[in-house]
Each structure stands twice: as C-alpha cells, then as structure tokens.
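As structure tokens, the structure follows; a few thoughts come after it.
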Amino acid sequence: MRQQFATAINVQIAQYAAHFVKRFGAEFPPDPRNVPFTPTIRNFGYLYLSDSSEFTGVLKKDQELQARLGAGTHILSRADVQEKYPFLYTDDLDSASLNLVDEGAFNAWGMVQWLRSTAQGNGVEYIANEVVGAEMEEGTNKVHSIKLRTGQQITVGILVNAAGTRAAAVSKTVGIRDLPVEARRRYTYIFSVDQSLTQDLPLTIDPSGVHLRSYGTKDYLAGCPPVGPDTAVDVGDFSFAENAWEQKILPVISRRVPQFASARVTDSWVGHYDFNTFDHNAIVGPHSRVSNFMFCVGFSGHGSQQGPACGRGIAELIVYGRFQTLDLSVLSFERVIENRPLTERAVI
Ligand SMILES: Cc1cc2nc3c(=O)[nH]c(=O)nc-3n(C[C@H](O)[C@H](O)[C@H](O)COP(=O)(O)OP(=O)(O)OC[C@H]3O[C@@H](n4cnc5c(N)ncnc54)[C@H](O)[C@@H]3O)c2cc1C
C-alpha cells in the first residue's frame, strides 16, 4: 500500500485504502465465521531510489503532487538515505523518495477472505463457476443473461466485470473487443539471510527495476518483471520462463544490501499483473454502449490497495447511480474510447 503514485486519483485511492484498513475493526461487525484478519498497516514505507538527476526530477514532481494531496512523502538526499538505512549501498545514488505514513504492507488476502465470509453470512451467494457467454436483450444494448461453463443461465440486472487478468475474455462475451487488459508475468522470491537487518526494510525500488522489502520478521521479499521482454502471457501459464533469481535479483540485491549476499530462497512464485496496456490504470465504471455492464479491471499491479475504493465506487454506482465517496470518473472506460490516457508512471 503506497501513496507514492504519479496520478492524483491513485494517491486518493491509496489514502482511502489506509483509512479503510485502519477503520476496519471499528466499522465492520465481527465476522460470523471468524476469519482471522488483523487490520493493521506495517508502515515501513516505500523507498524509491534514484540514480540520476533526471529521475530525481520525476520523483520531486511526484512528491509535490503527493504532498499537495496530504501524503507524507519526502525527498531524501544520498546522505539522508545512508544515514537512515546504513545497510544500503548508496554510492551510485542521486536521491530517493520515502513516505512512512500509511504506506507499507497490509494483509490484503486476509481482508478479502473476511469480506467474502461476512458477505456470505449476510446472504450473498458465491457461485464457483465460469462465465463463458452472455445473451443480449433483443433490440437493446443490455445484457440479458450470462451462461456458465456448466450450462446454466443466470439473468442479470447489472453485470460487473471484475475478472482480473481474464477481464478481456469476459468483455468479449458481451461483444466488447477493445478492453486493453492482459496478463503480464511477475516473479516473486522470499529469502532469508545469515544475519537479518536490525530494522525493517522499506519496499525499496532499485533503479534496476528489482524491488525488495521486509516480509516476515526475519525474511525478505524481492520481485521483478521478466528479464526478457515484458509481453502478454497465457492466463493459465504460471511457469518460471527464466531464472530471474540468478539472472537478475540476486546480483541486484547483494549489491544494494551487501548483507544479502548470503540470501537463500525459501519460496517463490509467478504471478500475473492484470495489466492495462493503454495507460497502466484501473478502468472503473459503466461501458458507454452496453448500458448494464460495468468494469472494475486493469489494476496493473496495484489492485489490492485499490479494491476498497473501487469496490465501494462500483457499489455506489449500482445503488445511487453516481460516485459518492470518491469521484472515480477519471477512471472511466470512455477515456479508452476517446484515446485520453491517464498514464500512471509509478508502476512497480
Ligand atoms: C506479483 C504481484 C504483486 C502485486 N503486488 C501488489 C501490491 O503490492 N499492491 C497492490 O495493491 N496490488 C498488488 N498486486 C496486484 C493485485 O494483486 C491485483 O491487482 C488484484 O489482485 C486484482 O484484484 P481483482 O479482484 O481485480 O482480480 P483477481 O484477484 O484476479 O480476481 C478476479 C476473479 O475473477 C474470477 N474470474 C475470472 N474470469 C472469470 C469468469 N469468466 N467467470 C467467473 N469468474 C471469473 C477469477 O477466478 C478471480 O476470482 C500484485 C500482483 C502481483 C501478480
């Protein structure tokens, strides 16, 4: 969870996420099925490292935007970084940006499980199946019903496409062929070291594109995009296409944190970003032609923290016909149709 974004709406969405997590215990009744979820933020912050005056200029511009919106981001000089995080190699750095307020990690999976369980307790039905087709209402631009893999048909009032990396396939069932969302491979490794750091490691974004952070109390997480070209992959392909640990991550982390030269991998996985190739931002709200079809897709790697604001936004559209808590209209699908990208530069 971070407020260090380059788009104003993403800063506000992240602030809402922090508010949501912090107020969780007070605002929601205890889960009837006792799903364990501790609503806290581990505020170790995000630390963007810059190795050039050009990128420092970008960080400064972003920091001004974030600070205007109330975020606690600061620009650090190389000496500041060295003083605050003495275990980091800083000789090649120009500056960094850091925010320690409401920025760090939270248990997104626990939160989702808690919400799902509570919704079920309140009568919401979850159907384990796959939408494979849809029928339109004759003579209108409205979806009439969806068809499931097992053959059943369900009549819909409003259909929300929140299908993550499969969002483009679901859109096609109602004739929308231009949703610019695809699956992109991302590598994650958990590792331990001989001697742990004496303080939390912020989520540190190295200029090489590798990121690393504290994971548990004594282990760490590092991740990166593909070593080769970052292209669309099959939504079911979670294979390691290359040895990103040896080819990319280990050289970078052992240089940046010399203590990490002894790193031993304890777990690893391949995940997929639900990547919006148009402008790397979520698409939230109704389709302009198919009148009862809404999008909540394209989160491009920042969807866990955007879930609370965007999910609420969609609920408000359904119940009240307009956004109430946070105006998310800049994230509408219209911008894609009208070729008005709202580009988010700060994608990790
Ligand atoms: C390595 C990695 C690191 C990340 N780090 C962060 C981070 O630090 N912070 C952050 O905010 N975000 C992060 N993200 C992004 C975040 O995980 C995603 O943006 C988020 O999970 C998207 O949530 P979603 O509900 O939109 O989609 P998903 O979680 O993908 O859920 C989509 C659901 O739709 C279902 N579905 C798909 N097709 C159909 C169909 N035809 N019929 C019925 N159901 C269907 C799927 O089964 C699934 O349950 C990361 C992602 C990755 C891969």
Check: Within the range 249-265, is there a residue that is assigned to a loop (DSSP other than H, G, I, E, B), within 16 Å of the ligand (Cβ to nearest atom) and within 25 Å of Gly209 (Cα to Cα)?
Finding: no
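For the range 320-331, does any single residue satisfy the condition of being part of a loop (DSSP other than H, G, I, E, B) and closer than 20 Å to Ser171 by Cβ? Quick ask: steps written out before the conclusion?
Within the range 320-331, the first condition is being part of a loop (DSSP other than H, G, I, E, B), and the residues that meet it are 321-328.
If we keep only those that are closer than 20 Å to Ser171 by Cβ too, we end up with 328.
Yes, some residue in the range 320-331 is part of a loop (DSSP other than H, G, I, E, B) and closer than 20 Å to Ser171 by Cβ.
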Check: Can Gly298 be described as within 11 Å of the ligand (Cβ to nearest atom) and either under 29 Å from Trp114 (Cβ atoms) or touching a residue at least 60 places away in the same chain (Cβ under 8 Å) (or both)?
Finding: yes
Checklist line | Odd one out for Thr343 among (1) more than 15 Å from the ligand (Cβ to nearest atom); (2) in a loop (DSSP other than H, G, I, E, B); (3) in contact with a helix residue (DSSP H, G or I) (Cβ under 8 Å, 6 or more places away or on another chain) | finding: (3)
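Quick grid of which residues meet (1) in contact with a helix residue (DSSP H, G or I) (Cβ under 9 Å, 6 or more places away or on another chain); (2) surrounded by fewer than 19 Cβ atoms within 10 Å (Cβ to Cβ); (3) at pLDDT below 95:
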site: Ala282; (1), (2), (3): yes, no, no
site: Gly285; (1), (2), (3): yes, no, no
site: Ser304; (1), (2), (3): yes, yes, no
site: Arg312; (1), (2), (3): yes, yes, no
site: Arg322; (1), (2), (3): yes, yes, no
site: Asp327; (1), (2), (3): yes, yes, no
site: Arg335; (1), (2), (3): no, yes, no
site: Asn339; (1), (2), (3): no, yes, no
site: Val347; (1), (2), (3): no, yes, yes
Checklist line | From Asp230, Asp237, Asp219, residue being free of Cβ contacts under 8 Å to residues at least 60 places away in the same chain, under 23 Å from the mean Cα position of the chain (by Cα) and away from the ligand (no atom under 15 Å from the Cβ) | finding: Asp219
Margin query: Could you list, ordered by first residue, the pairs with Cβ atoms under 6 Å in which the first is in the range 265-285 and closer than 10 Å to Val336 by Cβ and the second is part of a strand (DSSP E or B) and within 12 Å of the ligand (Cβ to nearest atom), at least 6 apart or interchain?
Written below: Asn276/Val181; Ile283/Phe295; Ile283/Val297
Notebook entry, point to check: Taking the range 105-140 on its own, how many of its residues are within 18 Å of Ile318 (Cβ to Cβ) and of a type in the set (S, T, N, Q)?
Noted result: 1
Check: Failed condition for Ser196, given (1) within 26 Å of the chain's Cα centre (by Cα); (2) under 20 Å from Gln259 (Cα atoms), with all others met?
Finding: (1)
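Among the strands (runs of 3 or more DSSP E) contained in the range 126-190, which hold 3 or more residues that are surrounded by 14 or more Cβ atoms within 10 Å (Cβ to Cβ) and away from the ligand (no atom under 13 Å from the Cβ)?
Values: elements: 131-136, 143-148, 153-155, 159-161.
Ranges flagged: 143-148.
The values are calculated or read from the model by the stated rules, or taken from the named source; none is laboratory data. Model, not experiment: these values are computed from the prediction. Neighbour counts run over all protein chains shown; Cβ positions are idealised from the backbone, glycine included.
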